[in-house]
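Read through the structure below, which is laid out as structure tokens, and then see the notes.
The values are calculated or read from the model by the stated rules, or taken from the named source; none is laboratory data. Not measured: the values here are computed from a predicted model. Cβ sites come from the backbone with ideal geometry, for glycine too, and all protein chains shown count toward neighbours. Please note that ligands, DNA and RNA were not included when accessible areas were found on the heavy atoms of the full protein model with its side chains. Shrake-Rupley method; radii C 1.70, N 1.55, O 1.52, S 1.80 Å.
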Amino acid sequence: MEQSFQPPKRAGLLEFLKQSIGSQFVIPVYQRNYTWTANKEVKQYFDDLENVLKGKYNRHFLGILIYLDTQIDFSSREFSIIDGQQRLTTTFLILYAVRKLMLEKGLKNEAAQLENQFLINQYVDDKLKLKLKPLVADDEVYKQIVNDQIDEITQKGSNVYKNFDWIEKRIKYLTEADSSNQNKKVYSFNEILMAMDKLYVVCVPVTSSDSPQKIFESINSTGAKLVASDLIRNYILMDIQSDVQEDYYNKYWKKIEDNLTSDSKKLELFFRMFLACKIKSLPNISVVYSTFKDWFAEELEKNKSVEDILKEILTYARFYNNIYTKPIDSVDSKIRTAIKDFRNNLTEMPAPLLMEIYKLYQTVDEEGQPLVSADQFSAIINVVNVYLIRRSICALDTSDITRLFPTVMKDTLNESNGNYKNIVELLKKNLINKNRGKSAAMPTDDDIRNYLATANVYNNRVTLRVVFDKLETNNNPAPVDLTKLSVEHLMPQTPTKEWLEALNTDAETYEKNLHRLGNLTLASKVDNSKMKNKLWEYKKEILADTSHLIMNKKILEKEKWTLKEIDDRNKELIEDIIKLYPYLSASSDVIKKHDITIDWDGIIAIGTLYEEDGSVEIAEGSEIVKYNDETPEWCVDWYNTLLDDNIIKETENGAVFVKPYIASSQKKNGTALSAAAGLLLGGNRNGWEYWKDENGHSLNENKSLKKKLSDN
């Protein structure tokens, strides 16, 4: 029933409660939990009350109470609290503490009068009987306080109980004499209640036409702001009738928290990833709430109900739980190994992609088969895992791929077009092939070799530990307990005179080799404390305790540990890592490519043009013209980089590619044809003219291809 405008009013606490005959204050399920603590906010409240009681204050402003006023029937109303629930709940705890102490002193009439005027509604339905209906999370303890069953309370860690207990003791102190202090002032319950009425609030009733959600958002834009997940919960539930709110809270929101967490910040992260699934891009954290509101409104326009939307959010929460947090032994056995390996990456970036694939895995076709099989799902997780590990072991910046996965998800699903037969290959194409030569590229085998040859990998030991564990357990039929082991140095971190002499090296060279891959292994923490800076003979004796480890067996075969042994082991481990996490590329079934050549003035080059991203792969053996003083600077810089990276080598007539090389387009809708031709021929060239197809025709003649891959 729509209410007319009611102006704000100032009222004493008890006066306001007394006047609210037939009204129930409801703390909605979307509100924050009761978080006030006895030694902070409750103490401040009570200090203000005592100052009024002792005459230090005549009156005291307690705060603002904003509530949605809804008339239920001719005799009852619901006041749904928008702001002020903490102080209101504390007020009722004080009144119940006074009632309890009155009953203990045999003041039954006074206790009944207090209860009937301020704590309950008479002559109404039982569900409206209590003046205050607390938050669901606090309901059980509050009911026991209401029913004077204090001794039966088991949830003694609840803020409701702890604050009630603190308040009761404080009131008891004020109302009882102290034989050790004859001058102590003793107050009556009446005086305390009269003092409470001198604590006043400004009451602001609003109606549904006043847009309570907007008011709530405005209130929470100042002070301690709610995070997006809190605002989302409020937005979904605020405009729903309170009994339906409770139903939806218990059926959906509480289960969302059970699957994820009640931590608002972590829930915010989930909603960011959930929205990325829905809008196919990753929203900034600052706009998660506004983005959700826009998406929510669009869903309602599609004739979805609020319950439908909550069901969908809960479904994705279960996907997220299975991927990230559910005990691994409880995860679907068909995908358990892949999930376990993925979790070692400790990243939420792929969450949108993996949740959408999980949805396809859980959805069955007309024949009862999942749209994506367990083998496909595991393969997809493995592709993501290899991509992340390869980037991480090379210490590549994660900011380059923060927003990558929603785009990869969108492109992969769009290209699948409802037929998921090639979804693994399409994922490889969109995640790996399309990013070659870009900042989001997956490192090649040579990239890994070049980086790990000299890198300080001890600084990256979180990833290194994942790799070492995988090296140790992969294809190992015997279970290995690695929990008590850690990444440790073979050549000790502190270069002693004995070690420098044994290695026949100086401190600078020692330092350069100290944190290399080849000088690190898995050892128990106890073993490492014994090893310290001992020479190699003693280290071998200690490492014998971990001789069952595959990676330590070869170490123990060494008669000495020198820089050569470190270098040899470094190379060996690099190849093991490359084999364990092999470079992946999409099959030709999903790659649109064209064989192309350049044959100009004695220069011959062979290449492959990829339609998806316009990149050009220059084949091994392709030639580069001999540069001169007129060669553009950009060509020279590029040439020198390739020379430094051992991708080309100089010849009498110029240079030749000794490895395949991918030239990437620097334009969103362009190709690398002109750049590659310019590199090969030593100057600015129109690649469409110089590159020929397999029939020897200029690519410029292929109008349809040029339309697809315009240089703009």
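Which residues, counting only those in the stretch 434-458, are under 27 Å from the mean Cα position of the chain (by Cα) and modelled with pLDDT of 95 or more? Steps first, answer last, please.
To start, the set of residues in the stretch 434-458 that are under 27 Å from the mean Cα position of the chain (by Cα) comprises 434-436, 438-443, 457-458.
Of everything in the stretch 434-458, those that are under 27 Å from the mean Cα position of the chain (by Cα) and modelled with pLDDT of 95 or more turn out to be Met442, Pro443, Val457, Tyr458.
Only residues that are hydroxyl-bearing (Ser, Thr, Tyr) and outside any loop (DSSP other than H, G, I, E, B): list them for the stretch 409-426, please. Outline the logic, then answer.
The initial filter retains those residues of the stretch 409-426 that are hydroxyl-bearing (Ser, Thr, Tyr), namely 412, 416, 420.
Matches in the stretch 409-426: Thr412, Ser416.
Does at least one position in the stretch 510-520 carry a residue that is basic (Lys, Arg) and surrounded by 15 or more Cβ atoms within 10 Å (Cβ to Cβ)? Steps first, please.
Pass one, the stretch 510-520, residues basic (Lys, Arg): 512, 516.
Applying the additional criterion that residues be surrounded by 15 or more Cβ atoms within 10 Å (Cβ to Cβ) yields 516.
Within the stretch 510-520, one or more residues are basic (Lys, Arg) and surrounded by 15 or more Cβ atoms within 10 Å (Cβ to Cβ).
Among the residues of the stretch 356-389, how many are outside any helix (DSSP H, G or I) and either without any contact (Cβ under 8 Å) to a residue 12 or more places away in the chain or open to solvent by 30 Å² or more (accessible area, probe 1.4 Å) (or both)? Step through it out loud before you land on a result.
In the first step, residues of the stretch 356-389 are kept if they are outside any helix (DSSP H, G or I); the result is 363-373.
Next, from what is left, pick out any that are either without any contact (Cβ under 8 Å) to a residue 12 or more places away in the chain or open to solvent by 30 Å² or more (accessible area, probe 1.4 Å) (or both): 363-371, 373.
The qualifying residues number 10.
I want to confirm something. Restricting to the stretch 598-630 and keeping residues that are on the phi > 0 side of the Ramachandran plot and modelled with pLDDT under 95, which single residue is least open to solvent (accessible area, probe 1.4 Å)? Write out each step before concluding.
The initial filter retains those residues of the stretch 598-630 that are on the phi > 0 side of the Ramachandran plot, namely 601-602, 614, 621.
Remaining after also requiring modelled with pLDDT under 95: 601-602, 614.
On the way: Asp601: 129, Gly602: 61, Gly614: 0 Å².
Filtering first and then ranking leaves Gly614.
From Asn147, Asn183, grab the single residue that is within 28 Å of Lys251 (Cα to Cα) and either open to solvent by 70 Å² or more (accessible area, probe 1.4 Å) or of a type in the set (Gly, Ala, Ser) (or both). Steps first, please.
Numbers: Asn183 fails: within 28 Å of Lys251 (Cα to Cα).
Only one candidate passes the filter, namely Asn147.
Only one of Leu431, Leu396, Leu427, Leu413 is over 19 Å from the mean Cα position of the chain (by Cα) and within 24 Å of Ala453 (Cα to Cα). Can you tell me which? Break it down stepwise before answering.
Working: Leu431 fails: within 24 Å of Ala453 (Cα to Cα); Leu427 fails: within 24 Å of Ala453 (Cα to Cα); Leu413 fails: within 24 Å of Ala453 (Cα to Cα).
From the options Leu431, Leu396, Leu427, Leu413, the qualifying one is Leu396.
Val141 versus (1) surrounded by 17 or more Cβ atoms within 10 Å (Cβ to Cβ); (2) in contact (Cβ under 8 Å) with a residue 40 or more places away in the chain; (3) under 21 Å from Leu114 (Cα atoms): which is the lone unmet condition?
Exception for Val141: condition (2).
Which of the residues spanning the stretch 255-307 are β-branched (Val, Ile, Thr), outside any helix (DSSP H, G or I) and farther than 20 Å from Pro350 by Cβ? Give the steps one after another, and end with the answer.
As a first pass, look at the stretch 255-307 and keep what is β-branched (Val, Ile, Thr): 256, 261, 279, 285, 287-288, 291, 306.
Filter again for outside any helix (DSSP H, G or I), leaving 261.
Residues satisfying the conditions do not exist here.
Quick one: in the stretch 341-355, which of the residues that are in contact (Cβ under 8 Å) with a residue 40 or more places away in the chain, more than 24 Å from Asn419 (Cα to Cα) and not polar (S, T, N, Q) is surrounded by the most Cβ atoms within 10 Å (Cβ to Cβ)?
Our first condition is that a residue be in contact (Cβ under 8 Å) with a residue 40 or more places away in the chain; within the stretch 341-355, this holds for 341-342, 344-353, 355.
Then keep just the ones that are more than 24 Å from Asn419 (Cα to Cα); that gives 341-342, 344-349.
Checking the rest, the ones that are also not polar (S, T, N, Q) come to 341-342, 346, 348-349.
Values: Asp341: 19, Phe342: 22, Leu346: 12, Glu348: 17, Met349: 20.
Per the stated criteria, the residue is Phe342.
So how many residues does the stretch 655-692 have that are touching a residue at least 60 places away in the same chain (Cβ under 8 Å) and open to solvent by 40 Å² or more (accessible area, probe 1.4 Å)?
The total comes to 3.
Run down Ser286, Ser262, Ser281 and say which single residue is within 26 Å of Ser80 (Cβ to Cβ) and open to solvent by 50 Å² or more (accessible area, probe 1.4 Å). It would help to see each step written out before you state the result.
Numbers: Ser286 fails: within 26 Å of Ser80 (Cβ to Cβ); Ser281 fails: within 26 Å of Ser80 (Cβ to Cβ).
Selected residue: Ser262, the only one of Ser286, Ser262, Ser281 that is within 26 Å of Ser80 (Cβ to Cβ) and open to solvent by 50 Å² or more (accessible area, probe 1.4 Å).
Yes/no matrix, rows are residues, columns are (1) assigned to a loop (DSSP other than H, G, I, E, B); (2) buried (at least 19 other Cβ atoms within 10 Å of the Cβ):
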| residue | (1), (2) |
| --- | --- |
| Leu93 | no, yes |
| Tyr96 | no, yes |
| Ala111 | no, yes |
| Leu114 | no, yes |
| Thr154 | yes, no |
| Val160 | no, yes |
| Lys169 | no, no |
| Lys172 | no, no |
| Asp178 | yes, no |
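For every residue, the table says whether it meets (1) more than 35 Å from the chain's Cα centre (by Cα); (2) open to solvent by 20 Å² or more (accessible area, probe 1.4 Å).
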{"position": "Thr483", "(1), (2)": "no, yes"}
{"position": "Leu490", "(1), (2)": "yes, no"}
{"position": "Ala523", "(1), (2)": "no, no"}
{"position": "Tyr538", "(1), (2)": "yes, yes"}
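Against the condition open to solvent by less than 70 Å² (accessible area, probe 1.4 Å), of a type in the set (S, T, N, Q), within 24 Å of Val480 (Cβ to Cβ) and at pLDDT below 95, how does Asn570 come out, does it pass? Let's see the steps before the verdict.
Details: open to solvent by less than 70 Å² (accessible area, probe 1.4 Å): yes; of a type in the set (S, T, N, Q): yes; within 24 Å of Val480 (Cβ to Cβ): yes; at pLDDT below 95: no.
No, not satisfied.
List pairs: first in the stretch 44-64 and closer than 19 Å to Trp166 by Cβ, second among the acidic types (Asp, Glu) and open to solvent by less than 30 Å² (accessible area, probe 1.4 Å), Cβ under 9 Å, 6+ apart or cross-chain?
Leu62/Asp48
Cβ-Cβ under 8 Å, sequence separation 6+ or interchain: first residue in the stretch 398-423 and closer than 22 Å to Leu388 by Cβ and open to solvent by less than 20 Å² (accessible area, probe 1.4 Å), partner among the polar types (S, T, N, Q) and part of a helix (DSSP H, G or I). Which pairs?
Correct list of pairs: Val408/Asn430; Thr412/Asn430; Ile423/Gln376; Ile423/Thr412; Ile423/Ser416.
Anything in the stretch 116-138 that is part of a helix (DSSP H, G or I) and either surrounded by 18 or more Cβ atoms within 10 Å (Cβ to Cβ) or of a type in the set (Gly, Ala, Ser) (or both)? List them, or say none.
The answer is Phe118, Leu119, Leu128, Val136, Ala137, Asp138.
Here are some conditions: (1) open to solvent by 40 Å² or more (accessible area, probe 1.4 Å); (2) modelled with pLDDT of 95 or more. Ala338 meets all but one. Which one does it not meet?
Of everything listed in (1) open to solvent by 40 Å² or more (accessible area, probe 1.4 Å); (2) modelled with pLDDT of 95 or more, Ala338 misses just condition (1).
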